[in-house]
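Data first, discussion second: the structure below is written as structure tokens.
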């Protein structure tokens, strides 16, 4: 595959595999995060692939326990490593039905430097994580554990320190001990056919409304 002329590739194994987040890395390659049922320890594991500029795999690892664990967002950090956010259910029984927001800090080679879960007695998930200017992290997702009482799930935003901490008064943070497992996805260049579509633009009539969402501070 040629990096300069563009390329297309598939990555996967014998079961279902997903990608949810991709970013160009400083070396001209790409970092991809998603989930895999082809590799790993559980039903579904978080999956991270580091690609070279031409799409070939530099390294690939799965992260997870015995049940369903997913990665939804990834970003290269200022130290050359990566911050990953998703959700994890491997620390709870199936009867509990609990999902916790999950953050992993990876080194440049995908090794886990630290990882934490954040959540309560319901389902708490994340869709996006970004490093802030001072080196911490901002996370956005949803919570059914700490809502305002006006719906089944509320938007949840967390501002994390450089090590994933918030404040000693926050009692919903737990350290976890998931290690990365090398995966063995194959790379395949698919045959792609370009087909003209007949979609056409139309004016919409969306209504703009002010909202009055309430804010509930969980801890400083």
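The values are calculated or read from the model by the stated rules, or taken from the named source; none is laboratory data. Only a predicted model underlies this, so the values are computations on that prediction, with no experimental measurement involved. A quick note on method: Cβ atoms are made from the backbone with ideal geometry, for glycine too, and the neighbour counts reach across all protein chains shown.
Restricting attention to region 120-177, and to residues there that are without any contact (Cβ under 8 Å) to a residue 12 or more places away in the chain and within 27 Å of residue 212 (Cα to Cα), which single residue is surrounded by the fewest Cβ atoms within 10 Å (Cβ to Cβ)? The extreme case among them is 149.
For region 190-209, state whether one or more residues are under 28 Å from the mean Cα position of the chain (by Cα), surrounded by 10 or more Cβ atoms within 10 Å (Cβ to Cβ) and either modelled with pLDDT under 90 or assigned to a loop (DSSP other than H, G, I, E, B) (or both). Looking through region 190-209, none of the residues is under 28 Å from the mean Cα position of the chain (by Cα), surrounded by 10 or more Cβ atoms within 10 Å (Cβ to Cβ) and either modelled with pLDDT under 90 or assigned to a loop (DSSP other than H, G, I, E, B) (or both). Taking the condition more than 27 Å from residue 138 (Cβ to Cβ) and either touching a helix residue (DSSP H, G or I) at 6+ places or on another chain (Cβ under 6 Å) or surrounded by fewer than 18 Cβ atoms within 10 Å (Cβ to Cβ) (or both), does residue 113 pass? Considered against the rule, which asks whether it is more than 27 Å from residue 138 (Cβ to Cβ) and either touching a helix residue (DSSP H, G or I) at 6+ places or on another chain (Cβ under 6 Å) or surrounded by fewer than 18 Cβ atoms within 10 Å (Cβ to Cβ) (or both), residue 113 comes out as no.
Taking first residues from region 195-220 that are in contact (Cβ under 8 Å) with a residue 12 or more places away in the chain and partners that are loosely packed, with under 10 Cβ neighbours inside 10 Å, the Cβ contacts under 7 Å between residues at least 6 apart in sequence or on separate chains come to 219/169; 220/169.
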